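Heads up: the structure comes next, in structure tokens.
The values are calculated or read from the model by the stated rules, or taken from the named source; none is laboratory data. Source: prediction; values computed, not measured. Note that we place each Cβ from the backbone using ideal geometry, even for glycine, and neighbour counts take in every protein chain shown.
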Amino acid sequence: MTEVTTHQAEEDARNEHILIYVDGRIVPKSQATVSVYDSGFMLGDGVWEGLRLYSGTWAFMDEHIGRLFEAAKAIDLDIGMDRNGVIAALLATQDANGMTTDAHARLMITRGVKVRPFQHPGLSRSGPTFVIIMEHSKPKIPRPITLATVPHQRGLPMTQDPKLNSHSKLNCILACIAAQKAGADEALMLDVHGFVNTTNACNFFIVKKGAVWTSTGDYCMNGITRQKVIDLCRANGIPVFERNFSLVDTYSADEAFLTGTFGAQTPVSHIDGRQIGAGTMGPVTQSIRTLYVQLLYAVCT
């Protein structure tokens, strides 16, 4: 079985010639560099946000930019500009690349260049580093993905809060490696109590007897697409529950799917070698995907 990820995209030759925003300049990809003394490179000290462009509009931009600023405040990082400034940089990068739809932007902000290669944030004295990578990007996920449960957990609030889109992603990378070595595409991660939580890259949902279940949200990323799915279910009469549930509940689910900014809703066929439902996208997942596309059409046209 060929490897699949929730961030798999169609190959696009135009991405070899994209322009990238680096600290106020928009430069060719080959010239887009940051210092080896940068806090993000050295320590993963920074936050990021991902957005998708549909029909000329960045979907749910206010929520994404708001989450970026919340994360920056949480780690005491001064972005160096207000929300309007960040949005202006995003739109300038879009305009420079001539992108109108099917694009993905990754906004990355670190604490900046350090004067010495050590941990203390006071050694970052030159202000933040701000980079925007914007690519032509159309999801291409040829089949439902497979998951394997791993021992790794997302961070606890007192260690590395999972609600932070931080540059420090090693625990999720290790989870992904463990899943791939088990023969799966991505990792299913449990919370500190052993309940099903999230994957290494996306939020996780199951469907049982027509009802949609997802985790309590206490130990997972506060996903914007996750919340849109919950809201759509509530608005359209689909029972939805944020609750604790176990692997036993999960294995007997009728459907399972993931949510994320890039892939929207991605069906899951197998978990720990067990087929979920029919092993294909189920009717409830398909209904939610249709509702989500309608929502995008309403907000992006």
Inset, instruction - Filter segment 10-25 down to the residues that are surrounded by 11 or more Cβ atoms within 10 Å (Cβ to Cβ) and among the charged types (D, E, K, R), then identify the one that is farthest from K138 (Cα to Cα). - result: D23
Inset, instruction - Among the residues of segment 114-132, count how many are crowded, with 17+ Cβ neighbours inside 10 Å and either in a loop (DSSP other than H, G, I, E, B) or hydrophobic (A, V, I, L, M, F, W, C) (or both). - result: 5
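Name the single residue that is surrounded by the most Cβ atoms within 10 Å (Cβ to Cβ) among those in segment 170-210 being of a type in the set (K, R) and farther than 17 Å from L258 by Cβ.
Looking only at segment 170-210, we keep the residues that are of a type in the set (K, R), and these are 181, 208-209.
Applying the additional criterion that residues be farther than 17 Å from L258 by Cβ yields 181, 209.
Working: K181: 10, K209: 8.
If we take residues in segment 170-210 being of a type in the set (K, R) and farther than 17 Å from L258 by Cβ, then K181 is surrounded by the most Cβ atoms within 10 Å (Cβ to Cβ).
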Inset, instruction - Kindly check whether there is at least one residue in segment 247-265 that is closer than 22 Å to N200 by Cβ, out of contact with any His (no Cβ under 9 Å at 6 or more places or on another chain), at pLDDT below 95 and not in a loop (DSSP other than H, G, I, E, B). - result: yes
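Scan segment 66-78 and give yes if some residue there is β-branched (V, I, T) and farther than 28 Å from K228 by Cβ, otherwise no. Quick ask: steps written out before the conclusion?
Start the filter on segment 66-78 by keeping residues that are β-branched (V, I, T), which leaves 75.
Pick out the ones that are also farther than 28 Å from K228 by Cβ and you get none.
No: segment 66-78 contains no residue that is β-branched (V, I, T) and farther than 28 Å from K228 by Cβ.
May I ask you to verify whether R154 is surrounded by 19 or more Cβ atoms within 10 Å (Cβ to Cβ), within 26 Å of F257 (Cα to Cα) and at pLDDT below 90?
Values: surrounded by 19 or more Cβ atoms within 10 Å (Cβ to Cβ): yes; within 26 Å of F257 (Cα to Cα): yes; at pLDDT below 90: yes.
Yes; evaluated as a whole, the condition is true for this residue.
Among D95, D82, D102, which is the only one that is within 15 Å of I20 (Cα to Cα) and among the acidic types (D, E)?
Being within 15 Å of I20 (Cα to Cα) and among the acidic types (D, E) holds for just one of D95, D82, D102, which is D95.
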Inset, instruction - Return the total of residues in segment 161-181 being modelled with pLDDT of 95 or more and among the polar types (S, T, N, Q). - result: 1
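Does segment 169-210 hold any residues that are small (G, A, S) and within 15 Å of I276 (Cα to Cα), and which are they? Full working, then the answer.
First, pick out the residues of segment 169-210 that are small (G, A, S): 175, 178-179, 182-184, 187, 194, 201, 210.
Of everything in segment 169-210, those that are small (G, A, S) and within 15 Å of I276 (Cα to Cα) turn out to be A184, G210.
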Inset, instruction - Using the structure shown, decide if N244 is farther than 19 Å from D185 by Cβ, at pLDDT 95 or above and either assigned to a loop (DSSP other than H, G, I, E, B) or not assigned by TED's automatic domain parsing to the domain that holds V150 (or both). - result: yes
Inset, instruction - Evaluate segment 41-56: report whether one residue or more is over 22 Å from the mean Cα position of the chain (by Cα), assigned to a strand (DSSP E or B) and over 27 Å from Q160 (Cα atoms). - result: no
Inset, instruction - Kindly indicate which of D82, D23 is over 26 Å from P267 (Cα atoms), touching a Pro at 6+ places or on another chain (Cβ under 9 Å) and either modelled with pLDDT of 95 or more or not aliphatic (A, V, I, L, M) (or both). - result: D23
Inset, instruction - Please tell me if T259 is within 29 Å of A103 (Cβ to Cβ) and either touching a residue at least 12 places away in the same chain (Cβ under 8 Å) or of a type in the set (G, A, S) (or both). - result: yes
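Surrounded by fewer than 21 Cβ atoms within 10 Å (Cβ to Cβ), on the phi < 0 side of the Ramachandran plot and within 18 Å of the chain's Cα centre (by Cα): which single residue out of D218, D231, D249 fits that description?
Details: D231 fails: within 18 Å of the chain's Cα centre (by Cα); D249 fails: within 18 Å of the chain's Cα centre (by Cα).
Answer to the check: D218.
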Legend entry - Tally, over segment 269-301, of residues that are touching a Phe, Trp or Tyr at 6+ places or on another chain (Cβ under 6 Å) and not charged (D, E, K, R): 3
Inset, instruction - Could you tell me whether R67 is at pLDDT 95 or above, in a helix (DSSP H, G or I) and either buried (at least 21 other Cβ atoms within 10 Å of the Cβ) or under 15 Å from the mean Cα position of the chain (by Cα) (or both)? - result: yes
Inset, instruction - Restricting attention to segment 258-276, report how many residues are surrounded by fewer than 20 Cβ atoms within 10 Å (Cβ to Cβ) and farther than 23 Å from M221 by Cα. - result: 3
